[in-house]
Amino acid sequence: MQVRMLYLLPIIMICLIASGCTGGNVFSRLDQNLASGDCPAAIALVDESGGAYGSNQRLIYLLDAAMVHMQCGNLDAAQSNFRSAEDLAERLWTESISRNALSLVTNDSVLAYAGEDFERVMIHLMSAIGYLQAGQPEDALVEARRLDTLLAVFNDKYEKKNVYRADAFARYLSGILHEADGAWDDAFIDYRRAVEVYREDYRSYGTALPDMLLADLVRAASAADRMADIQGLVSADPIDPPRRFDGTPDTGSVVFITFTGYAPRKVQDMVVIPTRHGPVGVAFPRMVVTPPRCSQGRLNLYGGDHFFESDLVLVEDINRIAVKNLEDRKGRILAKAIARAVAKQVAIHNIARSSDSRNDQRTIEAILNLVNILVVERADTRSWRTLPGRIYMTRMHVPAGVYAVELQACGGIWADFETLSVEPGTTRYLFRDLRYPVSAGIETIK
């Protein structure tokens, strides 16, 4: 009986792992459908593929479904999936650590994926942008606030030692939304905080402080009568000295947001340590970044005798945030991986002791350690693949009127936008996902 159980153990382990990774990854098929402009096929695929993700990847399924519906213009369905994903991630994050017991003798893939911290934050950012697409700026502002609250929860949990402490772009967007409501003091607070985060934290992500944000900060400080509060912030940068902005009643604002590239994927690294009981493997994940195929662009507005142009500016490098976020918790990952290795060694040693022969014990330990390395020990390489890698934005203040919109990006010129009407004192929001120019209905003008 003992021998039979010994042979069955590897099979049991394999089955446990397989049950945590049921189904194939449908990301590549979704990507192909969207790139070819076949939104009906992409929606049908994501709607019928819940089972293919497996129960332990339910969160990734919900996030992919949200992004597909958002890309295809089904904004209510997108928000429904974002809310479900948010609720699931919160529940998994707050569950008792008792659910981790099985992972200590197999790997983290047997657990339901709860998402990286930055992925949970991005749920709110993607949701906010989706609300802007739907013409619901009040709901977008709520999501920006909830994003900030979630980061504060993470800061408290990790005693403010995590790198991703605040999101500069979300703060910037919040300021724009407050300004559009005429809440100048709130807009000033958000703009100032965004400047601080870009300067203090985003340098490590390679994301520079946007000049347009400084201009917005000056305007908000003027309107809120807080010019004295920005002298130190603005004078440190090579821009014109702060000046009061009186504003004109016939001016409106145009905000353009675009996605490029994909968030990084995780791959496995493993360290194999030789011991007298056999080789011991410790696996851990690493982020691999694929640079976006285009990273520059310009938005042009044509209206009567008026012509305005503005370059797209990098406002959020999700790739770099993801890499830093994983590096930030690398110590916790390694500590868990080592604890898992120790637990497995204890289990293997106890199994080996079922034999009275010392030679058999050594053989059993060597075989089970090899099975562990080749089959059982695996890093958790699950991730939100449909998330963009970078977010670019530009903002223009233009006279009220009707404009034709043209985007120069990715080696072409796109002019499929509807005519844009800018009313005095209003803010208009435009969005384009440059990862899928065909599916978005873009026609290239050579």
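The values are calculated or read from the model by the stated rules, or taken from the named source; none is laboratory data. Keep in mind it's a predicted model, so treat the numbers as computed, not measured. Backbone-built Cβ (ideal geometry, glycine too); neighbour counts: all protein chains shown. For accessibility, only protein heavy atoms count, side chains too; no ligands or nucleic acids. Shrake-Rupley method; radii C 1.70, N 1.55, O 1.52, S 1.80 Å.
Some notes on this structure:
- Qualifying residue in the stretch 417-431 (condition: closer than 28 Å to Ala114 by Cβ and buried (at least 17 other Cβ atoms within 10 Å of the Cβ)): no
- Sub-6 Å Cβ pairs linking a first residue in the stretch 261-284 that is closer than 22 Å to Lys330 by Cα and modelled with pLDDT of 75 or more to a second residue that is basic (Lys, Arg) and assigned to a loop (DSSP other than H, G, I, E, B), at least 6 apart or interchain, are Ala283/Arg378, ordered by first then second residue.
- For the stretch 381-414, the set of residues classified as in contact with a Ser or Thr (Cβ under 6 Å, 6 or more places away or on another chain) and within 30 Å of Asn325 (Cα to Cα) consists of Arg390, Tyr392, Thr394, listed by residue number.
Okay, residues lined up against (1) without any contact (Cβ under 8 Å) to a residue 60 or more places away in the chain; (2) charged (D, E, K, R):
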{"residue": "Tyr164", "(1), (2)": "no, no"}
{"residue": "Ala170", "(1), (2)": "yes, no"}
{"residue": "Asp181", "(1), (2)": "yes, yes"}
{"residue": "Glu200", "(1), (2)": "yes, yes"}
{"residue": "Met212", "(1), (2)": "no, no"}
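- Boolean, Ala134 is touching a helix residue (DSSP H, G or I) at 6+ places or on another chain (Cβ under 8 Å), among the hydrophobic types (A, V, I, L, M, F, W, C), under 19 Å from Lys330 (Cβ atoms) and open to solvent by 10 Å² or more (accessible area, probe 1.4 Å): no
- Among the residues of the stretch 165-181, the ones that are within 21 Å of Leu326 (Cα to Cα), surrounded by fewer than 21 Cβ atoms within 10 Å (Cβ to Cβ) and of a type outside the set (A, V, I, L, M) come to 1 in all.
- Test: residue in the stretch 341-358 that is modelled with pLDDT of 90 or more and among the β-branched types (Val, Ile, Thr): no
- Test: Pro238 is modelled with pLDDT under 80 and surrounded by 14 or more Cβ atoms within 10 Å (Cβ to Cβ): no
- When Arg385, Arg390 are screened for being farther than 30 Å from Pro274 by Cβ, part of a loop (DSSP other than H, G, I, E, B), open to solvent by 30 Å² or more (accessible area, probe 1.4 Å) and at pLDDT 90 or above, only Arg385 passes.
- Selection from the stretch 196-224 of residues that are under 21 Å from the mean Cα position of the chain (by Cα) and open to solvent by less than 20 Å² (accessible area, probe 1.4 Å): Val197, Tyr198, Asp201, Tyr202, Tyr205, Thr207, Pro210
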